[in-house]
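Q: Please find one structure pasted underneath; my questions will follow.
The values are calculated or read from the model by the stated rules, or taken from the named source; none is laboratory data. Since we're looking at a predicted model, the values are computed, not measured. Cβ sites come from the backbone with ideal geometry, for glycine too, and all protein chains shown count toward neighbours. Side chains are part of the model used for accessible areas, which takes the heavy atoms of the whole protein and leaves out ligands, DNA and RNA. Shrake-Rupley method; radii C 1.70, N 1.55, O 1.52, S 1.80 Å.
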Amino acid sequence: MRALRRNPSAVAGAVVVATLALLAVVGPILAPYDPNAQHLDNRLQGPSFAHPLGTDQLGRDVATRLLYGARITLGIAVLITAVRLTIGVAVGLVAGYCGGWVDETLMRVVDVLLAFPGIVLALVVAGILGPSLTNLVLALAVVGWTRYARIVRSSVLELRERPFVAASRLTGAPRRRVLRRHVLPNVAGPVVVLATLDLGGVVLAAAGLSFLGLGAQPPTPEWGTMLSTGRHHLREASWLVNAPGLAIVLAVLGTNLLGDGLRDALDPNDRTERGGQTEVTRD
């Protein structure tokens, strides 16, 4: 935490992520309007005191829909990342620790999935399953777990030869206990960093699929859907695109800055180098 606090970019990213998460939780409670209530007399009104971000083509308050959309967009991003992490860590642990034909089989499956561009494969899966939030989660979860599996496997291959792991095996500890108590805690750092960086990519991918009509469907106030419906009125009501677009940019920027800071803080080599430089300066 001390290393993280010394990184201004990481602090800024943490503030952005925490603010968006707070708005996603309490924003809909504080919003004064119904996100789907139509008021055609107020359609396409610019930002004002009553409507800080204006209204859309159906007279709905854009700020209210943006707050409700934060809960949906960020919620499905966290869910997708959690599913990817769970599958990838499980596959990587089994492949790296067991080795042999188990490792070969699982890694060949990973190689096949990595041979396809992730977003293209997600488009295919979402197109086959049909447009819905549930299918959006399934499509993005299927294509994104391979990176976790690769990172965890490489870490496990190195860790299983460490003396403390060998000693645990020699004492007769079950394989499940060795993985849970000795291997998994030591691969948590890279996995946490990857998950944090992955959140921004998931937000972009989910918004992109919704923009193409393969994710959330109107009138659901999801950020990608708001971009899709607002693009038809870009000339006369640019705020319909600017508001959700800026929210997506902030979410991606915040998670990337926080992920970079976590990577620096959790890298023991980086901390050693910084410590050595500090000692030389004192001498």
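Q: Among 50, 102, 251, flag the residue with its Cα farthest along the positive direction of the charge dipole of the chain, charges on Cβ as +1 for Lys/Arg and -1 for Asp/Glu.
A: Of the options given, the answer is 102.
Q: Using a 1.4 angstrom probe, figure out how much accessible area the chain has per residue, in square angstrom, rounded to the nearest whole.
A: On the way: 14940 Å² over 283 residues.
Counting only protein heavy atoms, the per-residue value for the chain is 53 Å².
Q: What is the percent carbon and sulfur in the accessible area of the chain, measuring with a 1.4 Å probe over the protein chains and ignoring ligands?
A: Details: 9640 of 14940 Å².
Accessible surface attributable to carbon and sulfur in the chain totals 65 percent.
Q: Now a separate question. Between residue 90 and residue 114, what length comes free when the chain is fully extended (0.36 nm per residue of separation minus the Cα-Cα distance, one decimal in nm)? Intermediate values should be presented prior to the final figure.
A: Numbers: separation 24, 0.36 × 24 = 8.64 nm, distance 1.75 nm.
Between residue 90 and residue 114, full extension yields 6.9 nm more.
Q: Per DSSP H run of at least 4 residues, take -39500 (n - 2.57); add these up for the chain, divide by its residues and hand me the 222 nm value, nearest 500 deg cm²/dmol.
A: Working: 13 runs with 208 residues, N = 283.
Computed ellipticity for the chain at 222 nm equals -24500 deg cm²/dmol.
Q: Dipole magnitude of region 1-102 about its Cα centre, charges +1 at Lys/Arg Cβ and -1 at Asp/Glu Cβ only, in debye to the nearest 20? Write down the numbers at each step before the final one.
A: Working: 8 positive and 4 negative charges, 103 e Å.
With only Lys, Arg, Asp and Glu charged at Cβ, the dipole is about 500 debye.
Q: So, R0 is 35 Å and r is the distance between the beta-carbons of residue 82 and residue 41; what FRET efficiency does that work out to, to 0.05? Numbers along the way, then the final one.
A: On the way: r = 43 Å, r/R0 = 1.23.
For residue 82 and residue 41, the calculated efficiency is 0.20.
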